[in-house]
1. Using a basic spin-label model with each label point 7 Å from the Cα along Cα→Cβ, how many nm lie between Leu49 and Ala61?
2. Which residue fluctuates the most in the chain, going by a Gaussian network model with Cα springs under 10 Å, if the choices are Ala58, Ala45, Ala22?
3. List the relative contact order of the chain as a percent without decimals, with contacts defined as Cα pairs under 8 Å and 6+ residues apart.
4. Out of the chain, which chymotrypsin sites (Phe, Trp or Tyr not before Pro) are coil in DSSP terms and have no more than 16 other C-beta atoms within 10 Å?
5. Please report the carbon-and-sulfur percent of the accessible area for the chain; probe 1.4 Å, protein heavy atoms only, DNA, RNA and ligands left out.
6. Helix 49-61 versus the longest principal axis of the chain: what angle, 0 to 90°, nearest 10, using Cα atoms?
7. With every protein chain left in place, what is the accessible area per residue of the chain in square angstrom, probe 1.4 Å?
8. What shape does the chain have by the C-alpha gyration tensor, where a ≥ b ≥ c are the square roots of the eigenvalues, rounded means a/c under 1.5, and otherwise prolate means a/b greater than b/c and oblate the rest?
Amino acid sequence: MRTFKDILASGRPTLGTWNQIAAPELTDIVGGCGFDYAIVDCAHAPFGLEPAERQARACPAAGLVPVLRAPGP
């Protein structure tokens, strides 16, 4: 599985996006648009850790590297 470090080390421009909608279907759409990674934003999005986990698990199937932004204290 690719990692975020792999993407950065590739030497080519990378493209990612923020994901603040709790729908794994959106992850499929983002992957089909040619993005390299998706940032699942748990800090500002209106969902908890369980929906974030579902989105992160959907990323590899969509060809994306998941990057999770943890909620604050």
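The values are calculated or read from the model by the stated rules, or taken from the named source; none is laboratory data. Because the structure is predicted, anything quoted here is derived from the model rather than measured. Don't worry about glycine lacking a Cβ; one is built from the backbone with ideal geometry, like all the others, and counts go over all protein chains shown. Note: areas computed on protein heavy atoms with side chains; ligands, DNA, RNA excluded. Shrake-Rupley method; radii C 1.70, N 1.55, O 1.52, S 1.80 Å.
1. Modelled inter-label distance: 2.3 nm.
2. Comparing Ala58, Ala45, Ala22 in the GNM, the peak value goes to Ala45.
3. With pairs under 8 Å counted, the relative contact order is 35 percent.
4. Phe47
5. 60
6. In the chain, helix 49-61 runs at an angle near 20 degrees to the longest axis.
7. Computed with neighbouring chains in place, this is 63 Å² per residue.
8. Note, shape of the chain comes out prolate.
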